[in-house]
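Input: a single structure, listed below in structure tokens.
The values are calculated or read from the model by the stated rules, or taken from the named source; none is laboratory data. Note that the coordinates shown come from a computational prediction; the quantities given were computed from them, not determined experimentally. Cβ coordinates were reconstructed from backbone atoms using ideal geometry, including for glycine residues, and neighbour counts include every protein chain displayed. Protein only, heavy atoms only, side chains kept; ligands, DNA and RNA dropped before computing areas. Shrake-Rupley method; radii C 1.70, N 1.55, O 1.52, S 1.80 Å.
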Amino acid sequence: MDPLRAQQLAAELEVDMMADMYNRMTQACHRKCVPPHYKEAELSKGESVCLDRCVAKYLEVHERMGKKLTELSLQDEELLKRMQQGT
């Protein structure tokens, strides 16, 4: 596979993963913060605060996981390099 095609596939995968994360976050925070039977057209203050906190936590966890996965990936690459040099 040529490098340009690999880069395009990686970009498409990243977009798909971000869309999936956004959809999961939206569903989880809506389920947690907004009652199933709407009483008013607008969000209440409590619902808004709950949604803000929920989204912030979700994004923070997503960022932490991304950093940890990057760190693990770099460690794997380093280990592979060392193994290749040793053979």
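Structure values in brief
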| read-out | value |
| --- | --- |
| Residue match in the range 4-21 (condition: in a helix (DSSP H, G or I), surrounded by 10 or more Cβ atoms within 10 Å (Cβ to Cβ) and touching a helix residue (DSSP H, G or I) at 6+ places or on another chain (Cβ under 8 Å)) | yes |
| Check on LEU72, touching a residue at least 12 places away in the same chain (Cβ under 8 Å) and at negative phi | no |
| Single residue of MET1, MET65 found to be among the hydrophobic types (A, V, I, L, M, F, W, C) and surrounded by fewer than 10 Cβ atoms within 10 Å (Cβ to Cβ) | MET1 |
| Candidate set from the range 27-39 (those that are touching a helix residue (DSSP H, G or I) at 6+ places or on another chain (Cβ under 9 Å) and not aliphatic (A, V, I, L, M)); member that is most open to solvent (accessible area, probe 1.4 Å) | LYS32 |
| Any hit, the range 73-83, residues being polar (S, T, N, Q), open to solvent by 90 Å² or more (accessible area, probe 1.4 Å) and either over 18 Å from GLN27 (Cα atoms) or out of contact with any Asp or Glu (no Cβ under 6 Å at 6 or more places or on another chain) (or both) | yes |
| Test: residue in the range 40-53 that is closer than 19 Å to TYR22 by Cα, open to solvent by 80 Å² or more (accessible area, probe 1.4 Å) and free of Cβ contacts under 8 Å to residues at least 40 places away in the same chain | yes |
